[in-house]
Amino acid sequence: MAQEEEGRLHEVLAQVGASHDIKDLTRKLHFYDGWAPDYDQDVAALQYRAPRLAVACLTQAHPGLPHTALILDVACGTGLVAVELQARGFVRLHGVDGSPGMLEQARARGLYQQLSLCTLGQEPLPSPEGTFDAVLLVGALSDGQVPCSAIPELVRVTKPGGLLCLTTRTNPSNLPYKEALEGVLDGLERAGAWRRLVSPWTAGSWLPRSCRWRPGPQPRTASSPASCTCTKSRRGPRLRER
């Protein structure tokens, strides 16, 4: 039994590694279409905690966020973030993803009020400016997926005073992307687009994260575990994972 589990783990690690090696977005989305039916059980085998940690960071940064808050899950995949949000009582969830296969799995969960096919970085999000109380993007900030240039689009759809939570990988192959991402995030902060709420932290071998807020009328500050980073933004709060 132990050998079977070890063999399965090696298979999953190979699948994850293959996904990281694909830099062409069209090929990557096709890869995720094929992976979608097995995705949940594969990442569970790796004890993937990013969705849970991101939602925890969101609620710690804004403990008063009402359960009726309108939340956008960008690159929602199969809906793992929605599972965590629903467990904390949030009921108004929208999701977007570039993979039809992933959206099919997310739709089957029945947790989203609206799901849309959208390839962020190639097209704008299908929402007006200032729509969402909180926006999360968990696990898709890496080379060949969501480009750093798409971050302002997340800002655009966040309400003034809203939160944004982002996550990215810190493995060596993703460090150039992470450095570029930090430059974009810090530039937006210098421009007054948001303000950090939580400090950086690392979540096991997978992801570190941070939190930013988009300033609105009645700015708030928040603290979180030493492993998190938070900021305030001019249009609204947001959490980001590094």
So what are region 69-207's ellipsoid semi-axes, whole angstrom, largest first, if each one is the square root of 5 times an eigenvalue of the alpha-carbon gyration tensor? 23, 18, 15
How much net charge surrounds Glu104 when only the other residues with a Cβ under 12 Å from the Cβ of Glu104 are counted, with Lys and Arg +1 and Asp and Glu -1? 0
Starting from the amide H of His62, placed 1.01 Å from N in the peptide plane, find each other amide H under 5 Å away whose residue is 5 or more places distant or on another chain. none
How large is the Kirkwood hydrodynamic radius of region 45-89, in angstrom, based on all distinct alpha carbon pairs? 11.2 Å
Once both labels are modelled 7 Å past Cα along the beta-carbon direction, what's the Leu13-Asp38 spacing in nm? 1.7 nm
Rounded, prolate or oblate: which fits region 95-142 when a ≥ b ≥ c are the square roots of the eigenvalues of the alpha-carbon gyration tensor, with rounded for a/c under 1.5 and prolate only if a/b beats b/c? oblate
Inter-label distance, nm, simple model (7 Å from Cα along the C-beta direction), Arg156/Val184: 1.3 nm
Largest to smallest principal axis extent of the C-alpha atoms in region 2-45, angstrom: 37, 19, 12
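Here, each number is a calculation from the coordinates, and none is a lab measurement. Please read all numbers here as calculations on a predicted model, not as lab measurements. Methodologically, a virtual Cβ is constructed for each residue, glycine included, from the backbone with ideal geometry; neighbour enumeration extends over all protein chains shown.
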